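So the structure is just underneath, and the comments pick up after that.
Nothing in this text is a laboratory measurement; each read-out follows from the coordinates by a stated rule. What you see is a predicted model, and the numbers here were worked out from it, not measured in a lab. FYI the Cβ positions are ideal-geometry reconstructions off the backbone, even for glycines, and counts take in every protein chain you see.
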Amino acid sequence: MTPLSEDPRRAFTEDDRDTAVRRVQGAYAEGHLSHEEMDERLHRVLTAATHGELATVLSSLPAEPTGSTSTIAAAGGRIKRRGAWRVPRVLKVASAFGRVRLDLSRAVIEHPVVDIELQLGTGRARITVPRDAVVDLEGLHTGWKDTRYQAPPASSPGGPTIRISGTMGFGRLKVRHARR
């Protein structure tokens, strides 16, 4: 979101509104807000017309993370994330053997761009992205099988960009968009 120190009477973009919605939802997911407080703040964000009104809604929320990096690693077995989990700006996933399943369809994504770095030996990986996400696979190197990904025919603007990079040995990556 554009810095809130700008002219508080100035109108903002829909991206600013979307970021504010994600911050309120994230504060709820972390337990900083009750369900009623979240509903009330979401209503205020959705009806806000200026930066000042957005700043008022967001002022008592915890500070926005500046760019977090998390690592999930396992020598063998499964790595699985799904539901309402907070996706960091950079997510590193490492597994020598086993399957990886990341479901971002209901996750809290606060950043316009999320980098997922895969370091996988053998095993499959499946990543489910939000319906409106843009997927970039340019930085991914596969050793044995090609990646399976089919971009949706028409995507809605405003979704996050998911950049997937890294290396995969003897496995296959399947990326799909959520249906809902």
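Assorted remarks:
- Whole-number percent relative contact order across segment 17-59, with pairs defined as alpha carbons under 8 Å at least 6 apart: 43 percent
- Most positive-pole-ward Cα, 70, 139, 171, against dipole of the chain from beta carbon charges: 171
- Spin-label zone in segment 117-158 - amide nitrogen under 18 Å from a point set 7 Å from the Cα of residue 167 along the C-beta vector: 117-125, 138-147
- Efficiency of FRET between residue 122 and residue 14 - r from beta-carbon atoms, R0 35 angstrom, step 0.05: 0.25
- Extension gain, residue 132 back to residue 86 (0.36 nm per residue minus Cα-Cα distance, nm): 14.8 nm
- Extension gain from residue 50 to residue 180, taking 0.36 nm per residue of separation minus the Cα-Cα distance: 43.8 nm
- C-alpha long axis of helix 14-29 to longest principal axis of the chain, angle in °: 80 degrees
- Normalised by 2.2 N^0.38 Å, with N the number of residues, the alpha-carbon radius of gyration of the chain equals 1.14.
- Proximity of backbone amide H atoms, modeled 1.01 Å from N, is registered between residue 89 and 68 at under 5 Å, excluding neighbours fewer than 5 places apart on the same chain.
- Residues whose amide H lies under 5 Å from that of residue 145, counting only those 5 or more places away or on a different chain, are 171; hydrogens are built 1.01 Å from N in the peptide plane.
- Contact order normalised by residue count of the chain, Cα under 8 Å, 6+ apart, percent: 18 percent
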